[in-house]
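Written out below as structure tokens is the structure these notes cover.
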Amino acid sequence: MAQSVSVIGAGTMGNGIAHVFAQNGFKVSMVDVSLAQLDKAIANITKNFDRQIAKGTITEEQKKTALANITAYPDMVEGVKNAELVIEAATENAGLKLELFKQIDSLAPKEAILATNTSSISITKIAAATGRQGKVIGMHFMNPVPVMKLVEVINGYGTTKEVTRQIVELSKQLGKIPCVVNDYPGFIANRILMPMINEAICSLYEGVAGVEEIDTVMKLGMAHPMGPLQLADFIGLDVCYSILNVLYDGFGNPKYAPCPLLVNMVTAGKLGVKSGEGFYQYEAGNKELRVSARFQ
Ligand code: NAD
């Protein structure tokens, strides 16, 4: 299977995906339209390798080898020309992904598999933008990628069995546990997770309970490591909002309509961890979890 991998998009997920492949001996070309984002990604990967060294899971030597496996490219042409596998992890926007896949299809070697890390956009729709529908597949890593074991492998309508087999094998090679699912809105992970998060937000909106109470019930009562409101902040409220809209549009069922409170928070730019405020308040250097003033 592939030894040369291109990762498109060097944000939260892209840098984690590059990290895991590089650590497992793959040559990784990391592509982003933003030079600043590429620099940030390399700094982040380095910091995360240092964390692994501190925990004793890798050595300084392994970090050096892994970092040497990654090359950053601001240019797609150079970034995908030798790829055996391309994994797209750019911004969650259907129009952007369709354009990107058209471009990747025309630039990557004909035999390359094209995977997307999309959380919710139809694999079948993305594949239809290319001339190789059988070789397009979903490879949905979880955040943070170096830590989380699951890869949700999503078959598009035309994905061949051989391509699925290769991606399942590859995921195992990375030390991950693949689960194969079919291409319907939200796949499995977000079809189940997002309605739960939305219901938690609606419970807050209707005054059934406060932020801490809702999260505590789900943590202590259901043994979830993180409550749904904290998890929503971590994922990004804008991301939750766009996935709920994919479910709502895809199934035409009002049960998926984003809660008005979520809509308001996204409109106000309160996006969770990435903006510094969501259901909780995030200040640099402060590790204590504090409910946002708005909900106290
Ligand atoms: P992000 O905003 O952190 O990063 C996206 C990156 O894509 C940015 O660096 C941006 O500069 C880059 N980009 C935009 N247009 C590009 C282009 N034309 N070419 C190359 N790079 C481009 O987003 P993210 O959270 O890393 O999400 C990436 C993908 O992973 C999305 O599809 C998202 O749904 C999915 N995902 C996210 C999570 C999560 O928890 N954040 C979890 C699983 C899957």
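The values are calculated or read from the model by the stated rules, or taken from the named source; none is laboratory data. What you see is a predicted model; the values in this text were computed from it and never measured. Cβ: placed from backbone, ideal geometry, glycine included. Neighbour counts: every protein chain shown. The accessibility values were calculated without ligands, DNA or RNA, using every heavy atom of the protein model including side chains. Shrake-Rupley method; radii C 1.70, N 1.55, O 1.52, S 1.80 Å.
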ask   = Counting Lys and Arg as +1 and Asp and Glu as -1, each charge on the Cβ, what is the dipole of segment 209-255 about the Cα centre in debye, to the nearest 20?
value = 180
request  = Name the residues whose placed amide hydrogens come within less than 5 Å of the amide hydrogen of Ser6, ignoring near sequence neighbours (fewer than 5 apart) on the same chain.
outcome  = Ser29, Glu84, Leu85, Val86, Ile87
key: D (Stokes-Einstein, µm²/s), Kirkwood Cα radius, the chain, 1.002 mPa s at 20 °C   = 107
ask   = Given a 1.4 Å probe, how much area per residue of segment 190-295 is accessible, in Å²?
value = 53
request  = Would you work out the charge dipole size for segment 148-202 about its Cα centre, treating the Cβ of every Lys and Arg as +1 and the Cβ of every Asp and Glu as -1, and quote it to the nearest 20 debye?
outcome  = 180
message = To make sure I understand the rule: partners must be aspartates and glutamates, Cα under 13 Å from the Cα of Lys172, and not fewer than 8 residues away in the same chain. Which ones qualify?
response = Glu152
Beta bridge orientation in segment 68-210: antiparallel %, DSSP, nearest 5 = 30
message = Can you compute the helix-only [θ] at 222 nm over the chain? Use -39500 (n - 2.57) per DSSP H run of at least 4 residues, normalise by all residues, nearest 500 deg cm²/dmol.
response = -14000 deg cm²/dmol
query = Hey, which of these cross-link pairs are over 30 Å Cα-Cα: Lys219/Lys274; Lys40/Lys97; Lys81/Lys161; Lys47/Lys102; Lys27/Lys219?
reply = Lys47/Lys102; Lys27/Lys219
remark   = For the chain, the longest principal axis of the Cα atoms and the Cα long axis of helix 12-23 enclose an angle in degrees, to the nearest 10, of 40
For segment 127-166: accessible area per residue (Å², 1.4 Å) = 44
note = Among Gly95, Gly131, Gly186, the residue whose Cα sits farthest towards the positive end of the charge dipole of the chain (+1 at Cβ of Lys and Arg, -1 at Cβ of Asp and Glu, taken about the Cα centre) is Gly131
key: ³J(HN,Hα), Karplus 6.51/-1.76/1.60, whole Hz, each residue of segment 180-188, x for Gly, Pro   = 8, 9, 9, 8, 10, x, x, 6, 9
task = Tell me the GluC sites (Glu not before Pro) within segment 149-240 that lie in a loop according to DSSP and have at most 12 other beta-carbon atoms within 10 Å.
result = Glu206
remark   = So, relative contact order of the chain in percent, Cα under 8 Å, 6 or more apart, is 12
message = Can you give me the angle between helix 94-107 and the longest principal axis of the chain, using Cα atoms only, in degrees from 0 to 90, rounded to the nearest 10?
response = 10
note = Given unit charges at Cβ for Lys, Arg (+) and Asp, Glu (-), the dipole magnitude of segment 4-182 about its Cα centre in debye, nearest 20, is 380
key: Vicinal HN-Hα couplings computed from phi for segment 36-48 (Karplus, 6.51 cos²θ - 1.76 cosθ + 1.60; Hz; Gly/Pro x)   = 4, 5, 5, 4, 5, 5, 4, 4, 5, 4, 4, 4, 5
query = Which ³J(HN,Hα) values in Hz, rounded to whole numbers, follow from the phi angles of segment 219-233 under the Karplus curve 6.51 cos²θ - 1.76 cosθ + 1.60, where θ = phi - 60° and Gly and Pro get x?
reply = 6, 7, x, 10, 6, 7, x, 9, x, x, 6, 5, 5, 4, 4
task = May I ask you to give the percent of accessible area on the chain that is carbon plus sulfur, with a probe radius of 1.4 Å?
result = 56
query = Out of residues 5 or more away from Ala72 or on other chains, whose amide H comes under 5 Å of its own, with H placed 1.01 Å from N in the peptide plane?
reply = Met30
ask   = So which trypsin sites (Lys or Arg not before Pro) in segment 194-287 are both in a DSSP loop and have at most 15 other Cβ atoms within 10 Å of their Cβ?
value = Lys287
message = Please list, by residue number, every one of the trypsin sites (Lys or Arg not before Pro) in segment 149-200 that is coil in DSSP and has at most 12 other beta-carbon atoms within 10 Å.
response = Lys149
task = Could you tell me whether segment 136-284 comes out rounded, prolate or oblate from its Cα gyration tensor? Rule is a ≥ b ≥ c as square roots of the eigenvalues, rounded for a/c under 1.5, then prolate if a/b exceeds b/c, otherwise oblate.
result = prolate
ask   = Probe 1.4 Å, all protein chains in place: accessible area of Met148 in Å², nearest 10?
value = 80
